[in-house]
Every structure is written in C-alpha cells, then in structure tokens.
Amino acid sequence: MLILACLPIGDVLDASTHLIESIKQAKYIAAEDSRKFARFCSDLDINHHAKVISFFEGNESDRVEELSAILNSNKDILVVTDAGAPGISDPGYRLIRAALNLNIQIKVLPGPSAVTTALLLSGLPTDRFCFEGFPPRTKAAREKWFKDLAQEQRTIIFFEAPHRMVESLIDAQTAFGANRKGVICREMSKHYEEVIRGSIAELITWAESKDILGEITMVVEGFDSGTLQFSSEELIRLVIEQENAGESRKEAIAQVAKQNGVAKRVVFDAMVSYKSGDKI
C-alpha cells in the first residue's frame with residue numbers, strides 16, 4: 001500500500017494520532033528531507049524503526065523505480081514531505097501514478113493544508129477557488145502566468161518564495177490591477193504567523209518595507225466581470241490581435257466579446273467606427 005501522509009504545516013501539535021501511529025508502525029518511509037523528518041519525530045517523541053528513503057524534487061524520477069519495486073514486493077511505503085500533503089507542489093505525483101499502474105492500493109492520511117488554511121484566513125470567497133502552485137521563476141513567464149489568470153473569477157491561491165515576493169506582487173499588479181484584494185499568509189500555524197490583507201498595491205508597499213522570511217501562501221480575489229470597462233480603442237486592439245492570429249473579422253469579434261464579457265454589438269460598433277477611418 002502507498003500511504004500519503006499529511007504533516008503539520010507549522011505547529012507539530014497538529015499531528016493526528018493516526019499519523020503518529022502510522023509512523024511508528026512503518027517499515028519504509030519516503031521523506032522529502034530526512035533531517036527535517038527526524039526533527040519532527042524528535043519533537044513529538046516518536047520512535048520508529050523504518051528505513052527512511054530520501055525522496056525530493058531532485059531525485060524523484062530516479063527514486064520512483066526503487067520505491068515501486070518495494071511496493072510491488074507487497075510492502076507498504078509511507079510518504080511524507082516537509083509539511084502538508086505529498087504531491088501538492090511537493091514530490092509524490094509520479095509515485096502515485098506508478099503505484100496506480102501497478103494496481104497498488106493508495107491511502108491518504110488527511111491533515112493540515114496550507115491551501116485551505118490560507119483560504120480561510122484570507123476572508124475572501126471560499127465557495128469557488130483554484131490553486132495554481134508556484135508562479136514561474138523567470139520574469140517573462142511569470143508575467144504571462146499572471147496575465148492568464150487576470151480574468152479568473154474564482155479566488156486564486158498560490159505559493160511563492162520569500163525572495164521573489166515583491167517581483168511576483170508587481171507582476172500581479174500589472175495583470176490584476178492595483179486595487180484587486182489580496183492576502184499574504186506567512187508562517188501559518190507557527191509562532192510568528194502573520195496575515196496581511198489589503199489591495200495588491202498595499203501588499204507591495206508592505207513587502208518592500210521588510211525582509212520577508214518563512215513559508216508564504218498568497219490568496220487573491222477573483223475577477224469581477226462587472227467592474228471591467230473597455231474603451232473602443234481597447235476592443236479594436238483585441239479584435240486586430242485575433243485577426244492577426246488568423247481569425248476572421250466575424251469570429252474575432254465573437255471571441256473578444258465572449259472572452260471579455262462584452263456584448264457583441266458593442267465590439268461590432270467599435271470595429272465599424274474603426275473601418276470608417278477612426279484611428280486607435
């Protein structure tokens with residue numbers, strides 16, 4: 001059996017009795033960081049006799065074959081990451097797929113989640129949300145990443161490294177606008193937990209005022225189509241972009257109207273004005 005165990009995201013006292021007993025009984029444990037896992041066990045006075053196998057992003061592909069062989073020999077493996085759930089922006093997904101291909105049973109030991117904890121702390125709508133992992137590290141890719149999320153109507157949750165927080169917020173402001181609400185959740189459930197709520201512009205001011213340390217989860221308000229207004233010039237530009245990509249004028253108008261929540265008549269009238277000689 002492949003057992004995916006969720007570890008506390010901060011306070012070790014959030015560990016369940018089920019998790020502690022599973023660690024004590026395990027024969028094989030795949031751990032993202034064996035030293036951090038040993039510290040976690042020490043903090044909770046957990047004694048185990050498992051063989052701990054290193055299983056992190058850098059060796060995940062290579063380790064899958066070894067771990068699959070253990071599973072295929074009718075032995076259980078307990079998978080843990082440094083915090084939270086295996087496979088959620090952490091190693092685990094490849095091993096899950098490999099286990100399923102071998103018809104190995106999978107079990108999850110539920111536990112704390114940075115995603116849902118941040119969502120609840122944010123005070124933003126919880127009925128619909130999406131988790132987007134980490135933004136790309138390079139500026140061009142990150143700018144596109146945020147741009148693609150600009151009209152996402154669900155509450156958006158993502159992780160970010162402390163040293164890239166300011167750059168990400170600036171790119172988010174460009175894509176979402178300065179007034180979009182956001183929340184920075186830092187060191188959740190730990191002694192120095194900090195939750196900063198405000199507009200993206202206000203979050204940038206906060207982030208630029210200090211050295212940010214610790215684990216960061218960001219929550220951003222979803223797009224409200226009712227607040228979006230387009231000038232005729234902007235609609236014309238969007239239609240021309242579609243045409244340059246190979247769409248017919250009729251299809252380009254339909255696509256721009258649909259993607260931006262604008263009536264087709266409004267887009268059509270803007271293009272008629274453009275065709276009559278008005279300039280962008």
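Looking at this structure, is residue 133 in contact with a Ser or Thr (Cβ under 7 Å, 6 or more places away or on another chain), at positive phi and not assigned by TED's automatic domain parsing to the domain that holds residue 185? No: the conditions fail for residue 133. Beta carbons closer than 6 Å, at least 6 apart along the sequence or on distinct chains, pair a first residue in segment 16-29 that is among the aromatic types (Phe, Trp, Tyr) with a second that is outside any loop (DSSP other than H, G, I, E, B) and surrounded by fewer than 20 Cβ atoms within 10 Å (Cβ to Cβ) for 28/51; 28/70.
Name the residue, out of 52, 79, 64, that is in contact with a Gly (Cβ under 8 Å, 6 or more places away or on another chain), of a type in the set (Val, Ile, Thr), modelled with pLDDT of 95 or more and surrounded by 15 or more Cβ atoms within 10 Å (Cβ to Cβ). Exactly one residue qualifies, and that residue is 79. One residue stands out among those in segment 129-173 that are hydroxyl-bearing (Ser, Thr, Tyr) and surrounded by 19 or more Cβ atoms within 10 Å (Cβ to Cβ): the one that is farthest from residue 215 (Cα to Cα), which is 155.
Conditions (1) hydrophobic (A, V, I, L, M, F, W, C); (2) under 15 Å from the mean Cα position of the chain (by Cα); (3) within 18 Å of residue 28 (Cβ to Cβ); (4) at pLDDT 95 or above, marked per residue:
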residue: 73; (1), (2), (3), (4): no, no, yes, yes
residue: 95; (1), (2), (3), (4): yes, no, yes, yes
residue: 106; (1), (2), (3), (4): yes, no, yes, yes
residue: 114; (1), (2), (3), (4): yes, yes, no, yes
residue: 132; (1), (2), (3), (4): no, yes, no, yes
residue: 141; (1), (2), (3), (4): yes, no, no, yes
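Across segment 146-153, a minimum of one residue is classified as assigned by TED's automatic domain parsing to the domain that holds residue 218, more than 15 Å from the chain's Cα centre (by Cα) and without any contact (Cβ under 8 Å) to a residue 60 or more places away in the chain. Of the helices (runs of 4 or more DSSP H) lying entirely inside segment 176-280, the ones with 2 or more residues being under 30 Å from residue 12 (Cα atoms) are found at 200-208. Residues that are assigned to a strand (DSSP E or B) and either among the charged types (D, E, K, R) or under 21 Å from residue 36 (Cα atoms) (or both): does segment 57-68 have at least one? No: segment 57-68 contains no residue that is assigned to a strand (DSSP E or B) and either among the charged types (D, E, K, R) or under 21 Å from residue 36 (Cα atoms) (or both). For segment 154-184, the set of residues classified as among the hydrophobic types (A, V, I, L, M, F, W, C) and within 16 Å of the chain's Cα centre (by Cα) consists of 156, 157, 158, 159, 161, 165, 169, 172, 183, 184, listed by residue number. Among the residues in segment 9-22, are any in contact with a helix residue (DSSP H, G or I) (Cβ under 6 Å, 6 or more places away or on another chain), crowded, with 20+ Cβ neighbours inside 10 Å and either part of a loop (DSSP other than H, G, I, E, B) or not hydrophobic (A, V, I, L, M, F, W, C) (or both)? Yes, segment 9-22 contains at least one residue that is in contact with a helix residue (DSSP H, G or I) (Cβ under 6 Å, 6 or more places away or on another chain), crowded, with 20+ Cβ neighbours inside 10 Å and either part of a loop (DSSP other than H, G, I, E, B) or not hydrophobic (A, V, I, L, M, F, W, C) (or both). Cβ-Cβ distances below 8 Å connect the following pairs, each with a first residue in segment 248-263 that is of a type in the set (D, E, K, R), a second residue that is in a helix (DSSP H, G or I), and a separation of six or more residues or different chains: 249/239; 249/243; 249/271; 251/242. Going through (1) at pLDDT below 85; (2) surrounded by 19 or more Cβ atoms within 10 Å (Cβ to Cβ); (3) of a type outside the set (D, E, K, R) one by one, residue 260 falls short only on (2). When we screen 115, 108 for residues that are of a type in the set (A, V, I, L, M, F, W, C), within 30 Å of residue 17 (Cα to Cα) and in contact with a Leu (Cβ under 6 Å, 6 or more places away or on another chain), the only hit is 108. Right, residue 34: within 15 Å of residue 83 (Cα to Cα), in contact with a Leu (Cβ under 9 Å, 6 or more places away or on another chain) and polar (S, T, N, Q) or not? Against the criterion (within 15 Å of residue 83 (Cα to Cα), in contact with a Leu (Cβ under 9 Å, 6 or more places away or on another chain) and polar (S, T, N, Q)), residue 34 does not qualify.
The values are calculated or read from the model by the stated rules, or taken from the named source; none is laboratory data. Note that the structure is a prediction, hence the values are computed from the model and not measured. Heads up, the Cβs are rebuilt from the backbone with ideal geometry, glycines too, and the neighbour counts pull from every protein chain shown.
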